[in-house]
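The structure appears right after this line, and notes come after that.
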2 protein chains.
Amino acid sequence: MGVKLGILGLGTVGTGTVQLLQNVIGRHPLLQEIEIYRVGVRSLDKPRAVELSTEILTANLEAIVNDPAVDIVVEVMGGLEPARSLILQALKNGKHVVTANKAVIARFGAEIFTAANQAGVYVMLEAAVGGGIPVIQPLKQSLSVNQINAVTGIVNGTTNYILTRMQTEGSNFDDVLADAQRLGYAEADPTADVDGLDAADKIAILASLGFGGRIHLEDVYCEGIRQVSKTDIAYAEKLGFVIKLLAIAKRQSNKNSQLSVRVHPTLVSKTHPLASINGVYNAILVEGEPIGQVMFFGPGAGAGATASAVSSDILNLAATLQTSTANPNPLFTCGHDDYCEIAPIAELVTRFYTRFLTKDQPGVIGKLGTCFGNYGVSLESVVQTGFQEKLAEIVVVTHDVREGDFRQALAEIRDLPAIDSIPSLLRVL
Amino acid sequence: MGVKLGILGLGTVGTGTVQLLQNVIGRHPLLQEIEIYRVGVRSLDKPRAVELSTEILTANLEAIVNDPAVDIVVEVMGGLEPARSLILQALKNGKHVVTANKAVIARFGAEIFTAANQAGVYVMLEAAVGGGIPVIQPLKQSLSVNQINAVTGIVNGTTNYILTRMQTEGSNFDDVLADAQRLGYAEADPTADVDGLDAADKIAILASLGFGGRIHLEDVYCEGIRQVSKTDIAYAEKLGFVIKLLAIAKRQSNKNSQLSVRVHPTLVSKTHPLASINGVYNAILVEGEPIGQVMFFGPGAGAGATASAVSSDILNLAATLQTSTANPNPLFTCGHDDYCEIAPIAELVTRFYTRFLTKDQPGVIGKLGTCFGNYGVSLESVVQTGFQEKLAEIVVVTHDVREGDFRQALAEIRDLPAIDSIPSLLRVL
Ligand SMILES: NC(=O)c1ccc[n+]([C@@H]2O[C@H](COP(=O)([O-])OP(=O)(O)OC[C@H]3O[C@@H](n4cnc5c(N)ncnc54)[C@H](OP(=O)(O)O)[C@@H]3O)[C@@H](O)[C@H]2O)c1
Ligand SMILES: NC(=O)c1ccc[n+]([C@@H]2O[C@H](COP(=O)([O-])OP(=O)(O)OC[C@H]3O[C@@H](n4cnc5c(N)ncnc54)[C@H](OP(=O)(O)O)[C@@H]3O)[C@@H](O)[C@H]2O)c1
């Protein structure tokens, strides 16, 4: 056996990976050279879905990353600590690392890749974004000959599942969330998913790869889907849109050296390739010059899909270990030390969808129009959609506008006597 | 400058590639190490869209593949000969080869990869299938940890463009083809595209990568789209399908060791991910265990997209040349010498759509049912759709059936006195 793995964690992903590696028939023959040498867990007594001899299973994770026999450490335990420290220790010991941990990479990527470069080893993270979908490797190896203009993804399966069900059933967010939790599609504490934090980690990673610079996670603007209502889904539908939680990294149209990196619910035209990505599926659309648009679609989570991604990283490392590694392959290392310049959200130029509840006074649409006009906000459509109790409901869609200007107009509109409230504000792709 | 290219051909793809490599700002920094050293063409007098000094441009292609200074030969001239001989000569001289030539690879892949293995060099072919879409590299590197069950693609942009327009405009094949030729979406001689031959080359390549064995091109069953009528597109639409030219490589459901590899117009359910791939776009859907379904979508042709694929192969080779190449990377070489076992089309198990024109006799549907029943063909729906002149039109959709059995039933039905003709027969995905 050629290559010895030390796997940290035997939960959903770890178990899926062990199952794949224990059953290599019909897969790439090189997998036969890979040995599951140690697997670290918290509790040795827990029943496991895979058979592993007692010498393999251990609760001493430090011992795994310090064992000179281990060639590759596979971190599939999750969480920030001790995952971060164990990864750094493994790298310091000259071991390659495979990780599925977007949270650690999005926060400590700079530290981790610096350590890897110093040690002359690789950190692979295909499973960290898009589950089973090959997207990290294509971005690093195939698409990097392009000047990337935008990476736009549906990268969180839980929120896409919830929005898809709200769309098809006309249900409320709270009801669908409760049902998704019951069915195991959402966690008991759904914050990381529904507030967009998981998607923010992922778009930070994709942006870093696509645009060749590091990303401060706190520069990623983030809005979740809690405020998306079935009313807005229905109006969006009438206007030819579906609402998706998009993670977007894009060159600013007015200042090419700056990026906008953001996560928010977004109106997506029904004819757009991302509009038909439903349920727990993920998709990542990459736009570049000269390639145009390419999209990667597949299962964004789950034991099998994620095991495929983790195992493909292991396979690639095993293949590299077979060749001489006198010099590192520059497509496998992280070569950028600089941080990307991220524009504040006020500088974003985008279209908006807003819904107003107004007292039914004559001329209220005119007043809205005047306020928007004062700030250079040009409107694509203004529709009085009906009444809610005694209030008239007006839906406005703008042309492209600087977000800061739009917000100023909105602040002024909010103070108009005719305006009762502004229940929703969404961006349009 | 580190890596010297000898490019064979300066047409659509060659020009796009030179343009990309002459303008490397914002792309992977390693591209700066790549030198366009020689470019071979047929005619030195032709005006060119790119500037190349007179030492670089040459009509002596043999000299390029024999020049000891050349590290990588990029074959973007097309055709079978002299492309095949030049590739073999380059390999024999120890040069890596990048090619966009699906026709050569589908026919002479065995010979070419054997020569490459003997010389210890690589043959890269990302641009040969799916234009700019990264699909060859993901199949080789990321997805090969899976047991692949099926690769299904829309891999010919011309036919997808024609079918999309027939669908949206309700037009005839001949009219749309003529217009596509006028607009440059179809060639003056459209045979390779509309008869499915180009798609057959591509699915042979994808099958070989997905299933880890060589493919005899003559084993690929191939039907084009000339017989697809607007009538069938309209009926398919009513039944919830669109008609796509699919290229399919799939394990036989009744005999796992055999593959079916085929190209034919196919009814695809509107909810299937491939149903919404329209116009000149391509998409490749890969199904495997444990990953499930992943799909790759993007521009299937064009100078820019193809240049992206060709350049990504060049980049990968340049990166490999930077590391020591004492041993070849097993993910870059072709490791299989055996041929896949391909089942004859009669053994295929699939659903069928057939349209009959019948003399309006009582009991004709009963007679059809009896004939089908005699051969074990179970029907999902039988609909009398209307009349064409004095003939009644009946559309039948079957459940899964062995193609041989279905054909036998059909032969018997054709002889029934009540049957005027069977104008269409299509498979259902
Ligand atoms: N689940 C998915 O579909 C998916 C998809 C993409 C990426 N990921 C990422 O993959 C990683 C793992 O996810 P998962 O769903 O497999 O997690 P999980 O099911 O919760 O499993 C975690 C595993 O790590 C072990 N572990 C955790 N903390 C430990 C500690 N301090 N010491 C020793 N062992 C410890 C646990 O041991 P015990 O078994 O003894 O408790 C368990 O085996 C996460 O970073 C996640 O974000 C998951
Ligand atoms: N076009 C696409 O979108 C696309 C997409 C994917 C793959 N491909 C593949 O890429 C390859 C090239 O396609 P293309 O569209 O770029 O072809 P093209 O526009 O016809 O260009 C062919 C080039 O090769 C040169 N050439 C051909 N035969 C030659 C010979 N015997 N000696 C010297 N030079 C010769 C021609 O020289 P002159 O310029 O002097 O005539 C021309 O520069 C083909 O294998 C094709 O299947 C094309």
**Request:** Quick one: angle between helix A:102-119 and the longest Cα principal axis of chain A, in degrees between 0 and 90, rounded to 10, please.
**Result:** 40
**Message:** Keeping all protein chains in place and using 1.4 angstrom, which order do B:ASP415, B:ASP405 fall into by accessible surface area, from largest down?
**Reply:** B:ASP415, B:ASP405
**Exposure of A:THR306 as accessible area (Å², to 10), given a probe of 1.4 Å and all protein chains** = 10
**Item:** Hits among lysines - C-alpha to C-alpha of A:LYS367 under 18 Å, sequence gap 8 or more where chains match
**Value:** A:LYS359
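In square angstrom and rounded to 100, what buried accessible area do you get between chains B and A, total over both, with the probe at 1.4 Å? Display every interim value, and only then the final one.
Details: alone 18350 and 18340 Å², together 32550 Å².
Roughly 4100 Å² of accessible surface disappears when B and A pair.
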**Complete:** Cα-based Rg then Dmax for the stretch B:5-47, in Å, read 11.4, 34
**Occluded residues from the stretch B:290-307, i.e. those whose accessible area drops by 20 Å² or more once the chain is not alone (1.4 Å probe)** = B:PRO290, B:ILE291, B:GLN293, B:VAL294, B:MET295, B:PHE296, B:PHE297, B:PRO299, B:GLY304
**Complete:** For the stretch B:136-299 (alpha-carbon point model, no solvent) the Debye-based log₁₀ I(q)/I(0) at q = 0.09, 0.12, 0.20 Å⁻¹ works out to -0.29, -0.52, -1.29
**Asked** Relative to the other copies, what are the label-point distances for B:GLU62, with labels 7 Å from Cα along the C-beta vector, expressed in nm at one decimal and sorted shortest first?
**Response** 7.1
**Request:** Add +1 for every Lys or Arg and -1 for every Asp or Glu among the other residues with Cβ under 15 Å from the Cβ of A:LYS4, and state the total.
**Result:** -3
**Item:** Equivalent ellipsoid, chain A (semi-axes from 5 times Cα gyration tensor eigenvalues, Å)
**Value:** 45, 23, 17
**Fill in**
For the pair B:LEU391 and A:GLU412, the simple spin-label estimate (label points 7 Å beyond Cα toward Cβ) gives in nm 7.1
**Item:** Other copies of A:LYS255: label-to-label distances in nm, shortest first, labels 7 Å along the beta-carbon direction
**Value:** 6.7
**Request:** Using a 1.4 Å probe on the heavy atoms of the protein chains only, list every residue of the stretch B:113-153 that has 30 Å² or more less accessible area in the complete assembly than in its chain alone.
**Result:** B:PRO134, B:GLN137, B:GLN141, B:SER142, B:SER144, B:VAL145, B:GLN147
**Cα extents of the stretch A:253-293 along the three principal axes, largest first (Å)** = 35, 25, 17
**Request:** Give me the accessible area per residue for the protein assembly as shown, probe 1.4 Å, as a whole number in Å².
**Result:** 38
**Item:** Mean shadow area of the stretch B:87-148, taken as a quarter of the surface of its Cα convex hull (nm²)
**Value:** 4.6
**Prompt:** What order do A:HIS28, A:HIS264 take when sorted by accessible area (1.4 Å probe), most exposed first?
**Reply:** A:HIS28, A:HIS264
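If you roll a 1.4 angstrom probe over the protein chains with everything in place, what fraction of the accessible area of the stretch B:276-420 belongs to carbon and sulfur, to the nearest %?
Details: 2870 of 5720 Å².
With neighbouring chains kept in place, the figure for the stretch B:276-420 is 50 percent.
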**Percent of beta bridges antiparallel (DSSP, chain B, rounded to nearest 5)** = 70
**Asked** Among A:LYS4/B:LYS92; A:LYS140/A:LYS202; B:LYS230/B:LYS250; A:LYS102/A:LYS250, which pairs are too far apart, with a Cα-Cα distance over 27 Å?
**Response** A:LYS4/B:LYS92; B:LYS230/B:LYS250
**Label point 7 Å beyond Cα of A:ALA49 along Cβ direction - residues of the stretch A:256-295 with amide nitrogen under 19 Å** = A:280-281
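Exposed loop sites here are GluC sites (Glu not before Pro) in DSSP loop states with at most 16 other C-beta atoms within 10 Å. What is the longest stretch of chain A lacking them?
Numbers: sites that count: A:GLU51, A:GLU55, A:GLU187, A:GLU389.
Result, exposed sites excluded: A:188-388.
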**Prompt:** Could you state the principal axis extents of the C-alpha atoms in the protein assembly as shown, from the largest down, to the nearest angstrom?
**Reply:** 79, 71, 71
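Rounded to the nearest 500 deg cm²/dmol, what is the calculated helix-only ellipticity per residue at 222 nm for the protein assembly as shown, with -39500 (n - 2.57) per DSSP H run of length n ≥ 4?
Helix-only estimate at 222 nm: -10000 deg cm²/dmol.
How large, in percent, is the carbon and sulfur part of the accessible surface of the stretch B:1-157 at a probe radius of 1.4 Å?
Values: 2850 of 5700 Å².
For the stretch B:1-157, the apolar C and S fraction of the accessible surface comes to 50 percent.
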**the stretch B:351-429: trypsin sites (Lys or Arg not before Pro) in DSSP loop, at most 13 other beta carbons within 10 Å** = B:LYS390
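Report D for the stretch A:346-428 in µm² per second (integer): Stokes-Einstein, Kirkwood Rh on Cα pairs, 25 °C, 0.890 mPa s. All intermediate terms of the calculation are to be shown ahead of the outcome.
Working: Rh = 12.6 Å.
D, rounded to a whole number, is 195 µm²/s.
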**Complete:** Low-density loop trypsin sites (Lys or Arg not before Pro), the stretch A:1-100, at most 13 other Cβ within 10 Å, DSSP non-H/G/I/E/B, are A:ARG42
**Asked** Quick one: how many Å² of A:PHE173 are accessible to a 1.4 Å probe, rounded to 10?
**Response** 20
**Asked** If the cut-off is 13 Å between C-alpha atoms, which aspartates and glutamates fall inside it for B:LYS390, apart from same-chain ones fewer than 8 positions away?
**Response** B:ASP360, B:ASP420
**Message:** Quick check on the protein assembly as shown: of the DSSP beta bridges with both residues there, what percent are antiparallel, nearest 5%?
**Reply:** 70
**Request:** With all protein chains present, calculate the accessible area of A:ASP71 using a 1.4 Å probe and round the result to the nearest 10 Å².
**Result:** 50
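The values are calculated or read from the model by the stated rules, or taken from the named source; none is laboratory data. From a predicted model like this one, the values you see are computed outputs, not experimental measurements. With ideal geometry, Cβ positions are generated from the backbone for all residues, glycine too; neighbour counts draw on all protein chains shown. Side chains are part of the model used for accessible areas, which takes the heavy atoms of the whole protein and leaves out ligands, DNA and RNA. Shrake-Rupley method; radii C 1.70, N 1.55, O 1.52, S 1.80 Å.
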